[in-house]
Every structure is written in C-alpha cells, then in structure tokens.
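One structure below.
Readers should treat all values here as calculations from the given coordinates under stated rules, not as data from a laboratory. What you are looking at is a predicted structure, and each value in this text was computed from that prediction instead of being measured. Quick reminder, even Gly has a Cβ in these numbers, built from the backbone with ideal geometry, and neighbours come from all protein chains shown.
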C-alpha cells in the first residue's frame, strides 16, 4: 500500500482524505483513503473520489473478505468502457459465474460499482501493481480534466 500512497501523493493537485479516529468522519471510514483532484485542498461536495483504498468490509460490500488480516482493496474509476480492458468477467446477470472478489493481485470489476466504471484489486502485487499505478495516474488526469472543464463552463 505504501508504494501506491507514495505515488498518488506525488500527483499534482491531489487531495487525499484519510480519516482517523477522532477526525469527525464516520468511524467506518477510519483507516481508508479517498483521492480527488482538488488543488484548492477542499474535499469536493459535487463528485466522488477517483480512487479509494479500503481496509475493511463495509455493511453492503463484504465479498472481498477484507475482514481477514492484512487485506485491503484498491478501487479505481477507469470509466465504464475501460473496465473490460482490465477484467475478463462478464457483467452481472450475463449467465457467467460471478468472479471471486476476494482473489488477490487480480483486476476485478468492483463488486458494487463496476457498471459505473470502477475496477478493484485486493492486495495489489507483482501481477497488478504497475498497471494499477498507471490506471491511478489516468484516473487522476481524468478527474483533473473534469474539474477544469466544469470550471471553464462557469
């Protein structure tokens, strides 16, 4: 996780939200990381992060089995059309077996948000780390473009 955090923290205009105990953020989010393009340093209220690192299961998201020790998941918004470039799984309801969302070091469609263009990797390693870092850089650039486009439309 440290290499990912180091790389993302080096992106121009990145805002990392990393809630901790006593931070005023909901306890469920403590220990997780949320990344935005926000050069003003303010957490955006009109859009979702472009990537997250989650360190535990959430009530509606348990299929990655993050409750086990030393497990965490990187989630990246790559766009709905790009999901297929990362994963080899048919969408839900296609008749094909659902992927093992707990598999490590494998790109998977996000268990909840794949249709919205999200992919994930549990414990990225030798098979996925370099490509995940590239996808994070692309997601950051895409978020920056969206922010700049919206600012120009004002």
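For the chain, what does -39500 (n - 2.57) per DSSP helix run (n ≥ 4), summed and divided by total residues, give at 222 nm, in deg cm²/dmol to the nearest 500?
It comes out at -7500 deg cm²/dmol, rounded to the nearest 500.
Given springs between every Cα pair under 10 Å in a Gaussian network model of the chain, which of 100, 143, 32 has the largest fluctuation?
Ranking 100, 143, 32 by mean-square fluctuation puts 100 first.
If you line up the Cα atoms of the chain on their principal axes, what length do they span on each, largest first, in Å?
For the chain, the Cα spread along each principal axis is 45, 37, 29 Å.
For residue 115 paired with residue 134, estimate the spin-label separation in nm (one decimal), with each label point 7 Å from Cα along the Cα-to-Cβ line.
For the pair residue 115/residue 134, the computed spacing is 3.0 nm.
Mind checking the alpha-carbon convex hull of segment 25-80 and giving the volume per residue in Å³?
Each residue corresponds to 121 Å³ of Cα convex hull volume.
Could you line up 119, 53 from fewest to most neighbouring Cβ atoms inside 10 Å?
Fewest-to-most Cβ neighbours within 10 Å comes out as 53, 119.
Using the 10 angstrom Cβ neighbour count as an exposure proxy, how do 122, 43, 147 rank, fewest first?
Fewest-to-most Cβ neighbours within 10 Å comes out as 43, 147, 122.
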